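All remarks here apply to the structure that follows.
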Amino acid sequence: MSYTVIARRWRPRKFEDVVGQPHIVTTLKNSVKSGRIAHAYLFSGPRGVGKTSISRILAKAVNCVEGVREEPCNVCPTCTAIDSGGFVDVIEIDAASNRGIDEIRELRETVRYLPMEGRYKVYIIDEAHMLTEPAFNALLKTLEEPPGHNIFVLATTESQKIPYTIMSRCQRFDFRRISEAHIVEQLKRICQDEGISYEEKVLNYVVREADGSLRDAESILDQVISYSGMHISEKDVIDVIGVVQREVAYDMVRCIIERDAKGGLELIARTLEQGHDVYQVYRGLVSFLRDLLMIKVWNDKPPFVFMDSEEYERTKGLLKRVEYYEIQNMVHHILQAEDLIRGVFPKISLEILFINLYNLGQLRDVERILESRTAQAREPERKTDVHERREPIAEKRHVEYPAAAEKTVQHQEYETHETIEKRSPVAEIPVQQEAGDFVSYLRAKSVRLFGFFGSLDMNAEDDTVVVSLDKRSDYLKEQTDIVNEFKNHASDFFGKEMRVRFVAASGERTDTIDDYVKEAERLFKI
Ligand SMILES: Nc1ncnc2c1ncn2[C@@H]1O[C@H](COP(=O)(O)OP(=O)(O)O)[C@@H](O)[C@H]1O
Ligand SMILES: [Mg+2]
Ligand SMILES: [Zn+2]
């Protein structure tokens, strides 16, 4: 006997069985009951939330042998034929696979004829946004004619691609993502019915992965069951879900940290060749970076980060080589790229995203340069230090009371530093140098602020710190809290009330992901 997947077996067969979407179910039921059936419907919304299922329930409700009714009977020959996809008057067209020209042309002919067995001919056009222009035109002509026995249901995940002329002739229903609570409830129902037992957290993992799609949740559950058998442990789920994404995410971050751009790009090419979806890879990366950030903040594995001990050990090794602010920058950057990854050029966007994250790693190089600059600036002080130590008393003091001696030296150094900064008129110190020192100061005072400002060009002019913002950091000027905090540190450092002025970075590089995609769009004339 062949196995039917859970998602098919659990397709709702009447309105009452539909999970979520109450606004749609109620409206449709009422319109069927009162006989006010629209000529054309547009069902839009994410995948796996009930569009096809509800189209079929509607088709049954209007054609059921028992009469047009709120709920189909589901036992008459018509209802069962529609369920099995073999009813002559319900025509399903998948616009994604054949783009529908022939079907729509044929449809232009057949809409004239009365239904053969049912009351209405129901045309369910799935992924309707994929229809070609001629197909849309043919469809429009059909929609303009008023035959009373046809019902069109256009289902789409991308309603913005449906021409307005078509859209305006449809009654529109926006399907929503199914809530996590509803998905968990349905998964529980399924497990109970199928005699599956599971550890507590298992369903949470599945739900998290499904991201609002009930079909996805059911498919994942199916995969997990075929791996684990009748009892699902937490480990089974971790093994089945996203193992690939997790590995890929780890390797990608490793390439960034180890400054291996080639390795990272090869990894992306290889992963996509193996048939993995760009968006999945992206999500894996987001979730892995989030975990890195949490571990770094927690300084241990937080209870809400799901990782087995092997992965944790490996990750810890990786974390040793990266600073908190670097991960924070990466997370910030990657979250902004979501629309592009979902956009027209997912693969290019992923590659560019990787390169941008890789470039962020240069922060560390900048940091090293700054460190050596600061060291150079302090060189004269150090020399004094050495001289002092050569003096017997100092030496002795150092030997006898190492802790106290250390403190004194540090204190002196600090005082000197402060006094110089306060006394020196700005013009006497090269501006760059001063700003460079300020950056080191910032790093010592607030890793968070250093994360935001450390890589930006800054200049001190009288009582103003001038910060050059590039596209990537432009958002900072709107972040009042951050700017105020930054201003306070600047005032402390320069020893007077400082102001902050933002300017656009000149000669800005155009390799941000936005620009790349814009350029691509220009080239391909999209
Ligand atoms: N709202 C829902 N209620 C119950 N099951 C659902 C719902 N949405 C999706 N499913 C499950 O997912 C499967 C696919 O749903 P489908 O209606 O084809 O989604 P869509 O057409 O929106 O992509 C169904 O067979 C069912 O198992
Ligand atoms: Mg569908
Ligand atoms: Zn029936």
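Below is a table of values for the structure above.
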read-out	value
Ranked by how many other beta carbons lie within 10 Å on average, peptides 225-231, 263-269 from highest	263-269, 225-231
Distant-in-sequence amide H partners of residue 500 (H built 1.01 Å from N, under 5 Å)	465
Amide H within-cut-off set for residue 154, under 5 Å, with H built and near neighbours excluded	41, 42, 43, 125
Built amide H within the under 5 Å cut-off of residue 276, gap 5+	none
Qualifying trypsin sites (Lys or Arg not before Pro) in region 105-162, DSSP loop, other Cβ atoms within 10 Å at most 16	112
Stretchable slack from residue 501 to residue 304, in nm (0.36 nm times residue separation minus alpha-carbon distance)	66.9 nm
Alpha-carbon spread of region 98-183, three principal axes, descending order, Å	46, 31, 24
Of the trypsin sites (Lys or Arg not before Pro) in region 287-344, those whose Cβ has at most 16 other Cβ within 10 Å and which sit in DSSP loop	320, 321, 342
Low-density loop cleavage sites - trypsin sites (Lys or Arg not before Pro) in region 13-42, where at most 11 other Cβ are within 10 Å (DSSP)	36
Whole-Hz ³J(HN,Hα) from phi, Karplus 6.51 cos²θ - 1.76 cosθ + 1.60, for region 124-134, glycine and proline x	9, 9, 8, 6, 4, 5, 7, 4, 7, 4, x
3J(HN,Hα) from dihedral phi, region 11-23, Karplus parametrisation 6.51/-1.76/1.60, rounded to Hz, x for glycine, proline	5, x, 9, 9, 3, 4, 7, 5, 8, x, 6, x, 4
Calculated FRET efficiency for the pair residue 199/residue 316, C-beta based, R₀ 30 Å, to 0.05	0.70
Residue-wise HN-Hα coupling along region 39-44, computed from phi with Karplus coefficients 6.51, -1.76, 1.60 (Hz; x: Gly, Pro)	7, 8, 10, 10, 9, 10
Above-threshold pairs, the threshold being 19 Å between Cα atoms, out of 201/235; 29/60; 235/320; 235/301; 121/141; 296/320	235/320
Separation of the residue 27 and residue 339 label points, Cα + 7 Å toward Cβ, nm	2.7
Stretchable slack from residue 140 to residue 279, in nm (0.36 nm times residue separation minus alpha-carbon distance)	46.7 nm
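Throughout, read-outs are computed from the coordinates displayed, never taken from laboratory work. Keep in mind it's a predicted model, so treat the numbers as computed, not measured. A quick note on method: Cβ atoms are made from the backbone with ideal geometry, for glycine too, and the neighbour counts reach across all protein chains shown.
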